[in-house]
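Trainee: I'd like to ask you about the structure that follows.
The values are calculated or read from the model by the stated rules, or taken from the named source; none is laboratory data. Since we're looking at a predicted model, the values are computed, not measured. Quick reminder, even Gly has a Cβ in these numbers, built from the backbone with ideal geometry, and neighbours come from all protein chains shown. Areas reflect the complete protein model, heavy atoms only, side chains present, ligands, DNA and RNA absent. Shrake-Rupley method; radii C 1.70, N 1.55, O 1.52, S 1.80 Å.
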Amino acid sequence: MDPRNPQGSPQASGIPLEHIRSIAMSAQATAEAKKHSQKHQKWIVETLKEHKGKCTYEVLVEVGEKHHCDTVGAMLKILKKRKVIYFKQMFLMYPMHKNEVVELKKPDYDPMKE
C-alpha cells in the first residue's frame, strides 16, 4: 500500500479524476486505432494473395475505397518497413504511382498478431 495514498483512490493521491478519465480514454482510442490499422493491413495482404502475390497500387486503392480506407499509402509504408511487401518508391501517392506494382514478400504475415 502506498503511504501517500492510504485509501488507494485517485482523489486521495491528488490526481484529478478528469485526468485519469482522459488517460483511460486516450489508451482506449490508441487501442482502437491500432486494431483499425491492423484490419486495413490484413485486407491489403489478402488482396495481394488474391492477385497471386502482386498487383498495382491502383488495385489496392480501389479495394481500399470499399473498406473506407483513406490511408492506403500509410498502410503500405508500414508493411514495407516490416518487409511484408515490396515496391520501388519510398511512398506511393495516388494517382501519380497508380501503376506501381506492389509485391507480397511474406504471405503468412498476420498483422493481428502485432
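Trainee: Go through the range 25-58 and give me each residue that's among the charged types (D, E, K, R) and either in a helix (DSSP H, G or I) or within 11 Å of the chain's Cα centre (by Cα) (or both).
Mentor: Glu32, Lys34, Lys35, Lys39, Lys42, Glu46, Lys49, Glu50, Glu58, listed by residue number.
Trainee: For the range 55-76, which positions are closer than 13 Å to Gln38 by Cα and either surrounded by 15 or more Cβ atoms within 10 Å (Cβ to Cβ) or hydroxyl-bearing (Ser, Thr, Tyr) (or both)?
Mentor: Matches in the range 55-76: Cys69, Thr71, Val72, Met75, Leu76.
Trainee: Let me ask something else about it. Kindly indicate the residue of the range 59-81 that is among the small types (Gly, Ala, Ser) and farther than 12 Å from Thr47 by Cβ and also farthest from the chain's Cα centre (by Cα) among those meeting that condition.
Mentor: Gly73
Trainee: Among the residues of the range 30-49, is any in contact with a Phe, Trp or Tyr (Cβ under 8 Å, 6 or more places away or on another chain) and closer than 30 Å to Met75 by Cβ?
Mentor: Yes.
Trainee: Which of the residues spanning the range 91-100 are open to solvent by 70 Å² or more (accessible area, probe 1.4 Å) and touching a residue at least 12 places away in the same chain (Cβ under 8 Å)?
Mentor: Hits for the range 91-100 are Phe91, Met93, Tyr94, Pro95, Lys98, Asn99.
Trainee: Among the listed residues Lys83, Lys66, Lys35, identify the single one that is of a type in the set (Lys, Arg) and on the phi > 0 side of the Ramachandran plot.
Mentor: Lys83 is the lone residue from the list that is of a type in the set (Lys, Arg) and on the phi > 0 side of the Ramachandran plot.
Trainee: Give the residue that is farthest from His36 (Cα to Cα), with candidates limited to residues of the range 77-90 that are open to solvent by less than 60 Å² (accessible area, probe 1.4 Å) and in a helix (DSSP H, G or I).
Mentor: Across the range 77-90, the extreme among qualifying residues is Lys80.
Trainee: Right, here's the next one. Search the range 4-33 for residues being more than 30 Å from Thr71 (Cα to Cα) and at pLDDT 65 or above, and hand back the single one that is most open to solvent (accessible area, probe 1.4 Å).
Mentor: Within the range 4-33, the match that is most open to solvent (accessible area, probe 1.4 Å) is Glu18.
Trainee: Of the residues that make up the range 34-44, is at least one among the charged types (D, E, K, R) and crowded, with 18+ Cβ neighbours inside 10 Å?
Mentor: Looking through the range 34-44, none of the residues is among the charged types (D, E, K, R) and crowded, with 18+ Cβ neighbours inside 10 Å.
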